[in-house]
Amino acid sequence: MKKHAYALGGAGLMLGVSLLAVQAQDLTGELPDPPEFSAQSEPTFVSVSDIQEYKALPEYHEPDWVTAKYVDAGTLPPVAERLPKEPLVFKTGNMPDGIGVYGDTMRHVIGGRPEGWNYTAGQNQGWGGIDIGLSECLTRTGPLFEVKADELEPLPNLAKSWEWSEDGHELTMHLIEGAKWSDGDPFDADDVMFYWNDAIMDSNVSPLNGGTPETFGVGTTLEALDPYTIKWTFKEVRPTQYLYAMAYGTFCPGPSHILKPQHPKYSDNTYEQFKNAFPPEYMNMPVMGAWVPVEYRPDDIVVMRRNPYYWKVDENGNQLPYLNEMHYRLSTWADRDVQAVAGSGDFSNLEQAESYVEALKRSAEDSAPARLQFGARTIGYALEFNLSANGWGEPDTRGQAIHELNRNLDFRKAVSIAIDRQRLGDSLVRGPFTAIYPGGLYAGTAFYDKASTVYYPYNLDAANALLDGIGLLDTDGNGVRNLPDGGADVEITLLANTDYATDTNLAEGVIAMMEPLGLRVIANFQAGTSRDDMQQAGQFDWHVRRQGAEMVSVVQGTTFLAPTGPQTSYFHRAGTDGTVDILPFEQELVDTVNTFVATSDNAERAELMKTFQHVFTENVYSVGLTQYPGALIINKRFANIPAGAPIFMFNWAEDNIIRERIYVPADQQGDYELHPETLPGAPGGAGPV
Ligand code: BQZ
């Protein structure tokens with residue numbers, strides 16, 4: 001059998017009239033506006049100081065059974081001693097239903113499976129609010145959806161205040177003083193510096209959610225001045241942008257008193273052994289979050305009990321959280337919607353468009369146990385190309401040829417205009433939900449500018465002409481184009497996440513729409529965690545991905561917008577020589593993002609994002625597939641749910657709704673606690689005590 005050549009030589013020769021004609025032809029078109037779809041409830045915009053403050057209060061309280069069973073028994077210090085000098089105090093004025101009462105449980109259903117509790121070393125806890133509830137970070141951004149646009153700045157959290165030096169290069173942060181991990185061990189700068197030195201700055205460690213040195217600026221340093229004071233030094237002047245990177249998911253320090261003894265630098269462990277040192281069966285992992293894992297039944301449930309050392313209170317001095325227990329039933333994301341609407345679950349981010357009609361119908365009934373409120377269009381999917389031609393993902397010769405094709409603008413353009421986005425959106429759900437999404441920043445978001453968005457409408461003929469033009473002809477007449485010079489069939493692997501029907505439905509749609517283009521696209525559909533691993537290792541030619549907060553807010557996850565570092569982009573990372581073989585337009589994107597990070601001038605930032613959007617969409621950096629709104633589903637018995645909370649903006653709803661101050665009025669409380677009147681036991685112990 002003649003060995004097919006994968007090389008891409010001689011393309012120029014094939015420059016037929018069709019290419020010049022197509023290249024000359026302006027393939028852009030008028031981008032249709034998204035269908036009218038108003039969010040079902042608007043936030044009440046406030047200032048950060050209306051939400052919270054840090055203050056010592058005259059008295060503190062806790063559930064009566066905690067006092068009776070633990071404090072009076074001498075197995076737990078009094079609440080006042082368990083709290084920091086100045087706890088974080090949530091202001092009643094910002095709590096929709098005011099001061100709450102203790103009791104009850106929130107029953108989550110999730111589609112992930114916990115790998116273990118070592119967030120710092122990159123293990124996921126199953127998502128769906130588990131890691132968001134366990135991990136507290138230096139700053140917080142979820143609740144920013146309700147903060148006035150002109151006062152937008154991350155909320156203090158573990159870092160309770162900060163000030164910039166005169167020249168703007170130094171940021172001194174004051175950590176909350178006297179706060180403790182859920183096992184009573186003091187939280188201080190040691191925990192922060194362990195995360196910085198032995199995770200972020202240790203190239204053998206990749207923390208969950210992608211924190212890298214570039215996330216905080218090339219050349220940035222961090223030092224501890226004393227147990228409760230840290231100092232950042234940046235190359236840029238007053239880069240306030242990095243305060244967002246100090247929030248969830250990129251600066252959430254773990255318990256160094258537990259992690260450090262397992263780290264290879266301080267033990268004989270390998271990095272793999274360090275990563276796996278705290279498996280899901282390890283109970284009572286110390287956390288700074290409101291609830292601690294006390295029970296784990298594989299493929300069944302993770303149960304969490306209130307953290308007796310939680311460092312936040314309401315204005316009456318009641319130690320939070322109000323809810324005693326959290327359940328995470330290990331099922332599927334689709335089942336999460338079903339159970340929330342049915343009332344056997346309490347919470348869901350309705351995010352899979354295929355389930356919308358049924359969920360809307362069920363929750364419209366008066367007897368419906370849950371309320372459903374749609375937010376803005378912040379869920380978006382794109383087809384991403386692996387743009388590395390210098391070895392990221394160690395492609396074979398077939399893969400290398402595809403990665404080189406991906407770097408060809410006409411190839412990316414052809415793929416984009418062969419996709420009928422209207423049909424793709426309608427295949428998920430009919431009605432005013434999905435919008436035509438060319439790629440880049442989402443319509444309706446703060447930094448989006450329609451005039452800067454280049455849109456190439458569906459045009460299959462032009463798409464085929466473009467591929468003819470770059471020498472991809474079906475030389476063996478089997479309906480699949482061949483690589484130049486009698487090369488092999490063009491076969492492309494497409495990575496997608498099987499945890500969501502939406503991901504695989506969209507991927508199936510792409511595969512079908514590439515057929516009339518003569519491209520054979522092969523499904524490589526993987527479950528969430530292995531999909532994440534393949535994406536991070538570059539083991540894909542194409543990837544259908546639900547995008548992150550960077551496309552919604554820009555300010556959250558900004559460094560993910562372009563290859564600002566060797567490990568920051570989702571689809572273009574460093575090759576075998578450690579460098580990213582960046583394309584010229586990508587350099588412009590990188591420079592634009594870095595300039596955005598380095599300035600706090602709002603007008604300049606808006607202009608920069610217009611440039612970003614134009615360069616991104618003109619060069620089809622990735623192919624937008626669809627964009628639609630999500631809906632928050634919450635059981636009606638819960639109080640203090642903020643109005644207009646989106647399922648996704650700066651973070652997911654599990655952060656946005658501030659779960660630690662949600663409560664259930666006494667007369668509506670359900671009897672769902674599996675371990676009533678218990679508290680977490682010792683780290684690594686059997687469970688609650
Ligand atoms: C929300 C979220 C909370 C991760 C995850 C999951 C992972 C990705 C993404 C979402 C789930 C839910 O999303 O779909 O509604 O509860 O957990 O963390 O998709 O596979 O890696 O980025 O956040």
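Which of the pairs Lys450/Lys610; Lys148/Lys231; Lys55/Lys91; Lys160/Lys312; Lys91/Lys312 have their Cα atoms more than 20 Å apart in this structure? Over 20 Å Cα-Cα: Lys148/Lys231.
Report Rg/Rh for the chain, rounded to two decimals, where Rg is the Cα radius of gyration and Rh the Kirkwood radius.
On the way: Rg = 25.8 Å, Rh = 26.3 Å.
Radius of gyration over Kirkwood radius for the chain works out to 0.98.
Amide H contacts for Thr498 (H built 1.01 Å from N in the peptide plane; partners 5 or more residues away or on another chain; cut-off under 5 Å): Gln526, Ala527, Gly528. Note on Leu460 and Phe45: the model spin-label points, each 7 Å out from Cα along the C-beta direction, lie 4.6 nm apart. In sequence order, region 353-364 has phi-based couplings of 4, 4, 9, 5, 4, 5, 5, 5, 4, 5, 7, 7 Hz under the Karplus curve 6.51 cos²θ - 1.76 cosθ + 1.60, θ = phi - 60°, and Gly or Pro positions carry x.
For region 198-326, the spread of Cα coordinates along the three principal axes comes to 45, 45, 28 Å, biggest extent given first.
Once backbone amide H atoms are built at 1.01 Å from N, Thr626 has Tyr381 as its partners under 5 Å, excluding neighbours fewer than 5 places away on the same chain. Over region 155-262, the reciprocal of the mean inverse Cα-Cα separation, the Kirkwood hydrodynamic radius, stands at 14.2 Å.
By accessible area, using a 1.4 Å probe on protein heavy atoms only, the chain has 52% of its surface on carbon and sulfur. Look at the Cα gyration tensor of region 452-530: its axes a ≥ b ≥ c give a/c of at least 1.5 with a/b at or below b/c, and that counts as oblate. By the helix-only formula, in which each DSSP H run with n ≥ 4 contributes -39500 (n - 2.57) and the sum is divided by residues, the chain has a 222 nm mean residue ellipticity of -6000 deg cm²/dmol.
In percent, how large is the relative contact order of the chain, given Cα pairs closer than 8 Å and 6 or more residues apart?
Once normalised by length, the contact order is 22 percent.
Considering only Pro642, Val590, Pro683, the residue lying farthest towards the positive end of the dipole of region 567-689 is Pro642, judged by Cα position with unit charges set on Cβ. The charge dipole of the chain, taken about its Cα centre with unit charges on the Cβ of Lys, Arg, Asp and Glu (plus for the first two, minus for the last two), comes to roughly 760 debye.
With the convex hull built on the Cα atoms of region 417-493, state its orientation-averaged projected area in nm². Please list the in-between numbers first.
Working: hull surface 29.8 nm².
Convex hull of Cα atoms, orientation-averaged projection: 7.5 nm².
Taking a ≥ b ≥ c as the square roots of the eigenvalues of the alpha carbon gyration tensor, region 197-246 is oblate, as a/c is not under 1.5 and a/b does not beat b/c.
Classify region 271-326 as rounded, prolate or oblate from the Cα gyration tensor: take a ≥ b ≥ c as the square roots of its eigenvalues, call it rounded if a/c is under 1.5, otherwise prolate when a/b beats b/c and oblate if not. Because a/c hits 1.5 or more and a/b fails to exceed b/c, region 271-326 counts as oblate.
Computed from the Cα positions only, the extents of region 260-375 along the three principal axes stand at 59, 41, 26 Å, in decreasing order.
Just order 213-221, 56-64 by mean Cβ neighbour count inside 10 Å, highest at the front, would you? List each step's numbers first, then the result.
Numbers: 213-221: 18.7, 56-64: 14.8.
Result, highest mean Cβ count within 10 Å first: 213-221, 56-64.
Based on Cα atoms of region 58-103, Rg over Rh with Rh as the Kirkwood radius reads 1.04.
Could you do me a favour and compute the accessible area per residue for region 255-369, 1.4 Å probe, result in Å²?
On the way: 3890 Å² over 115 residues.
Heavy-atom SASA per residue in region 255-369 reads 34 Å².
For region 435-448, the Karplus equation 6.51 cos²θ - 1.76 cosθ + 1.60, evaluated at θ = phi - 60°, returns couplings of 10, 5, 10, x, x, x, 5, 7, 4, x, 9, 3, 9, 6 Hz by residue, with Gly and Pro reported as x. Taking amide H positions as modeled 1.01 Å from N, with prolines and chain starts lacking one, the residues under 5 Å from Asp581 and 5 or more places away or on another chain are Ala389, Asn390, Gly575. The string of couplings for region 427-434 from the Karplus curve (6.51, -1.76, 1.60, θ = phi - 60°) is 5, 8, 7, 8, x, x, 7, 7 Hz, one whole number per residue in order, with x for Gly and Pro.
Rounded to a whole number, what is D in µm²/s for region 228-268 from Stokes-Einstein with the Kirkwood radius over alpha-carbon pairs (25 °C, 0.890 mPa s)?
Details: Rh = 12.9 Å.
Translational D for this selection: 190 µm²/s.
The values are calculated or read from the model by the stated rules, or taken from the named source; none is laboratory data. All values derive from a computational prediction rather than experimental measurement. Note that we place each Cβ from the backbone using ideal geometry, even for glycine, and neighbour counts take in every protein chain shown. The accessibility values were calculated without ligands, DNA or RNA, using every heavy atom of the protein model including side chains. Shrake-Rupley method; radii C 1.70, N 1.55, O 1.52, S 1.80 Å.
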